[in-house]
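The values are calculated or read from the model by the stated rules, or taken from the named source; none is laboratory data. This is a predicted model, so every value here is computed, not measured. Cβ atoms come from the backbone with ideal geometry, glycine included; neighbour counts cover every protein chain shown.
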Amino acid sequence: MVEIQENWIERLSGEESVRDVAIEELRAILLRGLSHSMSNRYRGVVQAEDVVQDALLKILSSLQQFAGRSKFGTWAMAIATRVGISAMRRKYCPDISLDGISAGDSLRIEIAVDDEQSAEQHLDQRIILEKLSELIDTRLSDRQRLAVRGLLEGLPVEEVARRTMSNRNAVYKLVHDARIKLREGLGSAGIAADDVIAIFA
Amino acid sequence: MPLKPEQVSKLLNMVSSSDTDSLDCDGCFDHIAEFVDIHLASQEVPAALKAVEIHLQQCVCCKGEFNALLDGLRALEQPE
């Protein structure tokens, strides 16, 4: 496939006639790969044809960053895939507004009783959920609560970032640190991760 | 607005499966092509790329892009 031509960088940076041919070859490869990877995701809300030009421009403007640690084709497809999936996520995202979720109640847990469970299992679950609620209130910042709520509502990290005027890395870090804080808090209360999994299985 | 029961389950899953991750999404992306080449060649992940593996276990977005990339590359290996 892509590696049949090993001199991609040279050709894509070469004189116009060589470059144009290489670009058209790369476009065809990206289109073929993206057509497969995008067709069965996010209900195909965006077609590969709609993003291949953006992907190509992104690749061409990033050529100097190709360090040769991977095959060129894998590197180029990685960029194209990110462009394609991001476009699909923007379009597919559920119609959810974070505006109506105040920081105060963004992760409020209502502890429900499940009649199907034994009294002992129900008690264990209640203890964990009450502790989790307390940790959310006391250990997490407003921004962490909002970011976690966004993910629980089904928004991808990058969409939470867009709606909170942040960026993907910052939102990921907020959520990551929140998860660790909650896990450590449960651990300090004698509730191990394995216990949580077993009790709610 | 309280969490729905399925959201509570998702939250519990997020918490119980959390692991310390030294990368952010861009840091993962910087190495993803290298990681994918190794993955497709069924080679053992070297220590230097273990952080990518951990990030993919923690980040649903990056994992989704990783899976899409694998699909695209496998399609390119098939005859036209």
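Some notes on this structure:
- Scanning region A:64-94 for residues that are in a helix (DSSP H, G or I), more than 13 Å from the chain's Cα centre (by Cα) and at pLDDT below 95 turns up A:Gln64, A:Gln65, A:Lys91, A:Tyr92.
- Every residue from region A:46-72 that is over 15 Å from A:His36 (Cα atoms) and crowded, with 23+ Cβ neighbours inside 10 Å: A:Ala55, A:Ile59
- Residue match in region A:19-31 (condition: surrounded by 12 or more Cβ atoms within 10 Å (Cβ to Cβ), free of Cβ contacts under 8 Å to residues at least 12 places away in the same chain and not in a helix (DSSP H, G or I)): no
- Looking only at region B:14-70, and only at residues there that are assigned to a helix (DSSP H, G or I) and among the small types (Gly, Ala, Ser), the one that is farthest from the other protein chains (Cβ to nearest Cβ): B:Ala47
- For region A:160-175, the condition of being touching a residue at least 40 places away in the same chain (Cβ under 8 Å), touching a helix residue (DSSP H, G or I) at 6+ places or on another chain (Cβ under 7 Å), assigned to a helix (DSSP H, G or I) and crowded, with 22+ Cβ neighbours inside 10 Å holds for at least one residue.
- In region A:123-146, the residues that are under 12 Å from B:Leu11 (Cβ atoms) and outside any helix (DSSP H, G or I) form Cβ pairs under 8 Å with partners that are of a type in the set (Gly, Ala, Ser) and modelled with pLDDT of 90 or more, at six or more places apart or across chains, as follows: A:Leu140/A:Ala178.
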